[in-house]
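The values are calculated or read from the model by the stated rules, or taken from the named source; none is laboratory data. These figures come from a predicted structure and were not determined experimentally. Cβ atoms come from the backbone with ideal geometry, glycine included; neighbour counts cover every protein chain shown. Calculation scope for accessible area: heavy atoms of the full protein, side chains included, ligands and nucleic acids excluded. Shrake-Rupley method; radii C 1.70, N 1.55, O 1.52, S 1.80 Å.
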Amino acid sequence: MRERSDQILLNGFQLKPPFFEIGPKSYLYGDDVLALALAADAASKKYDVDIIFTTPIVELRRVAAATERLFVFAPHMDPIVPGRGLADTLPESLVAAGVKGVMLNHCEKPISLSALAQTIRRADEVGLATIVCTDTAAESAAVAKLRPNIIVAEPTGLIGTGQTSDMEYVSAAIRAVKDIDPDIFVLQGAGISNGEDVYRVIFAGAEATGSSSGVVKAKNRAEMVDEMLGAVRRAWDARAASR
């Protein structure tokens, strides 16, 4: 799955930092999900920033077919094989729908460490990237030992609050992951509400960040996506220039 530390290869596509994750969760459905995906696709092209779009299960195929630059991820997957498994999400079915990866262990869909290990292995088998959510730096270190492609470090208590992680947490989470496996990308999330939040987190050292409620609750979702993606690009370029 992961060939070099500066990118993730996904069925011929390359995800590289800096990147951004948008997850409408259950705030949106139907055509509103597609409209947001198209706005994200346009911003991705404009700023040359890759976007992971974590789509509600029923919208996966439609969003994947309608967009060019998005890395469409499923919000969950079960470690099953073709056969029995009523109402479970089969990894092979995600691949068939055009999905590039899967988000696991979000605080709204937690799974045990043993189930997480099994699910990451199944994702690797079918060629799906894995992005795993963690709460503390200690949990980030534990999950890093399972070798997902991306770890989302976000304090559960801040999700949806509009309050961002302090820089001490950002630095500690990055160190916790990189000390285990420097090839795992670290996405700093939770409470990202505007471009200023995005800029601060990326400039502090994160390879990616993302937003759900900050985007879907904005008065103009397309404008907010553009603002946040522009901030990703400016922060990353400023980081590079300061080295």
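A few remarks follow.
- Where labels lie 7 Å past Cα in the beta-carbon direction, separation of ASP237 and GLU125 in nm: 4.5 nm
- Accessible-area composition of the chain, carbon plus sulfur, in percent [1.4 Å probe]: 51 percent
- Mean sequence separation of contacting Cα pairs (under 8 Å, at least six apart), scaled by the length of the chain, corresponds to a relative contact order of 19 percent.
- Per residue accessible area in Å² of the chain, where ligands, DNA and RNA are left out and the probe is 1.4 Å: 44 Å²
- Legend: distances between Cα atoms for LYS16/LYS46; LYS16/LYS145; LYS16/LYS178; LYS16/LYS217; pairs beyond 19 Å are LYS16/LYS145; LYS16/LYS217.
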